[in-house]
Amino acid sequence: MTERIMNHRRQWLSLLFLLLLGLLFSACGSKGPEVIRIRGEALGTFYTLTVVAPPEGVTEERIRELADTALDRINTLMSTYKEDSELSRFNRHAEPSPFSLSPESYEVFSIALAISEESGGALDITVGPLVNAWGFGPGSRREPPDEEEIRQLLLHQGYEKLRLLEEGSIVKEDPLLYCDLSAVAKGYAVDVVARALEDAGISRYMVDVGGEMRVAGRNARKEPWGLGIEKPLTGVRELEMAVQLEEGSLATSGDYRNMYIHEGKRISHTIDPATGHPVQHDLASVSVIHPSCAWADGYATALLVLGPEKALALAQEKKLAVMLIIRDEDTGALSRVTTPQFDTCIRKP
Ligand code: ADP
Ligand code: MG
């Protein structure tokens, strides 16, 4: 009797042993999903793509081609550095007649004008001449303009003087209007690349163009994507925190990267359209999470112009997922303010 029980137990033990061995082998032998990483240059910055488990036949070369084609098109349409871009041709169009836009530019103008309305003109793509005058445009010097020049340029500024017509064209009510789409175009480019990937059957990806990001699906470890936000410090790259997202976009605007110091003052590439001067307040960076990267990008710039109090008020009114990093001018200490919608995305350590 006891022997039968012993035999039984031995059988069970050997079965368990075989099962464990099998598990161990299958764990060693099983590969994770295929991961393709691509880096490149576009729109005057760098881009990175990570694609997980692409469909059969969608190779690294194919993905690179999709991204480069999408990014080249945005550059050809919206660069102020290219004389023959659609935007440069519109900027030279000094007539009241409608100017016909590509569907992509039309969409970017629509998003920019909607955010201008919402932010009371904090985002205003007609600040282009001031952006150039302060040294952040094509062929410009890194030196402040004088007050008279600023006053003159402000006369020919104002997003209200742009009118989008239903059939896909746009009208300038002041022939001297000159537009700069940079505050939204990079985010829009991320959306366009994401769409191209999805059209190719890719459902798990991360797209990053110059720090504006969009993700979908889960990463190779089957987790939501972790996206880092930098500390707003010039000259060093340190992580402030990470958010986790399974679907959506993250854009950040700050006063710490594209800037120069003039007579001890920080001259940032973000211009306050109300004054014609670079923003001068203690808001160091703004991060926005939004389904669309174009909107996230546009909101981030608008909120940076508004400054901490008004930015928080608008973020609360629109229920936006936002983090503001505020710099104490005396001590340099950084503090964060977040909305509840942002808090739910913060990655727990
Ligand atoms: P980045 O992601 O490179 O920090 P942003 O998205 O913040 O850039 O956009 C900043 C760019 O937008 C500037 O370089 C300038 O070309 C343009 N810009 C600056 N101020 C404004 C403004 N108030 N409204 C719209 N565009 C602006
Ligand atoms: Mg922006």
Under a straight-distance cross-link criterion of Cα-Cα below 16 Å, which aspartates and glutamates are reachable from LYS172, leaving out those fewer than 8 residues away in the same chain? GLU86, GLU95, ASP124, GLU160, ASP180
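Listed highest first by mean packing, meaning other Cβ atoms within 10 Å per residue, what order do 178-184, 33-39 come in?
178-184, 33-39
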Quick one: if you stick a label point 7 Å off each Cα along the C-beta vector at GLU149 and ALA114, how many nm between them? 3.6
Taking the Cα centre of the range 218-337 as the origin and placing charges on Cβ (Lys, Arg +1; Asp, Glu -1), which of TRP225, LEU283, LEU303 is farthest toward the positive end of the dipole? TRP225
If you place +1 on the Cβ of every Lys and Arg and -1 on the Cβ of every Asp and Glu, how big does the dipole about the Cα centre of the range 289-332 come out, in debye to the nearest 20? 260
With all protein chains present, calculate the accessible area of LEU165 using a 1.4 Å probe and round the result to the nearest 10 Å². 40
Applying 1/(1 + (r/R0)^6) with R0 = 41 Å to the Cβ-Cβ distance of ASP282 and ASP84, what FRET efficiency is obtained, to the nearest 0.05? 0.50
Compare the Cα positions of PRO98, LEU181, GLY44 along the charge dipole of the range 33-349 (+1 at Cβ of Lys, Arg; -1 at Cβ of Asp, Glu; about the Cα centre) and return the one farthest towards the positive end. GLY44
What is the calculated FRET efficiency for PHE46 to SER100, with r their C-beta to C-beta distance and R₀ = 51 Å, to the nearest 0.05? 0.95
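Find the accessible area per residue for the range 33-349; the probe is 1.4 Å, ligands and nucleic acids are left out, and the unit is Å². Could you put the intermediate results ahead of the total?
Working: 14610 Å² over 317 residues.
Averaged over the residues of the range 33-349, the accessible area is 46 Å².
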On the accessible surface of the range 33-349, probed at 1.4 Å, how many percent belong to carbon and sulfur atoms? 50
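For the chain, return all DSSP H helices satisfying: extent of Cα atoms along own axis at least 18 Å; mean Kyte-Doolittle hydropathy at least 0.0. Intermediate values should be presented prior to the final figure.
Working: long enough: 2-29 (40 Å, 0.69); 60-78 (27 Å, -0.53); 103-118 (23 Å, 0.26); 182-199 (26 Å, 0.46); 293-306 (20 Å, 1.32).
Sorted by number, the helices that extend far enough and score high enough are 2-29, 103-118, 182-199, 293-306.
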Here the residues of the range 259-273 lying in the modelled label zone of GLU329, meaning backbone nitrogen under 17 Å from a point 7 Å along Cα-to-Cβ, are 261-268, 272
Based only on Cα atoms, what mean projected area does the convex hull of the chain have, in nm²? 24.6
The chain: calculated mean residue ellipticity at 222 nm from DSSP helix runs of at least 4, using -39500 (n - 2.57): -12000 deg cm²/dmol
Treat every Asp and Glu Cβ in the chain as -1 and every Lys and Arg Cβ as +1, leave all other atoms uncharged, and give the resulting dipole magnitude about the Cα centre to the nearest 20 debye. 1960
Per 0.36 nm of contour for each residue apart, how much would the distance between GLU309 and ILE261 grow if the chain were fully extended, relative to their Cα-Cα spacing? 14.8 nm
With r defined as the distance between the Cβ atoms of VAL236 and SER169 and R0 fixed at 41 Å, what FRET efficiency is calculated, to the nearest 0.05? 0.35
On full extension of the chain, what length is gained from ARG142 through ARG221, given 0.36 nm per residue of separation minus the C-alpha to C-alpha distance? 23.9 nm
Which one of PRO273, VAL127, VAL207 is farthest out on the positive end of the charge dipole of the chain, using unit charges on Cβ (Lys, Arg +1; Asp, Glu -1) and the Cα centre as origin? VAL207
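The values are calculated or read from the model by the stated rules, or taken from the named source; none is laboratory data. Bear in mind the structure is a predicted one, so any value in this text is a computation, not a measurement. Quick reminder, even Gly has a Cβ in these numbers, built from the backbone with ideal geometry, and neighbours come from all protein chains shown. Accessible surface areas use protein heavy atoms only, side chains included; no ligands, DNA or RNA. Shrake-Rupley method; radii C 1.70, N 1.55, O 1.52, S 1.80 Å.
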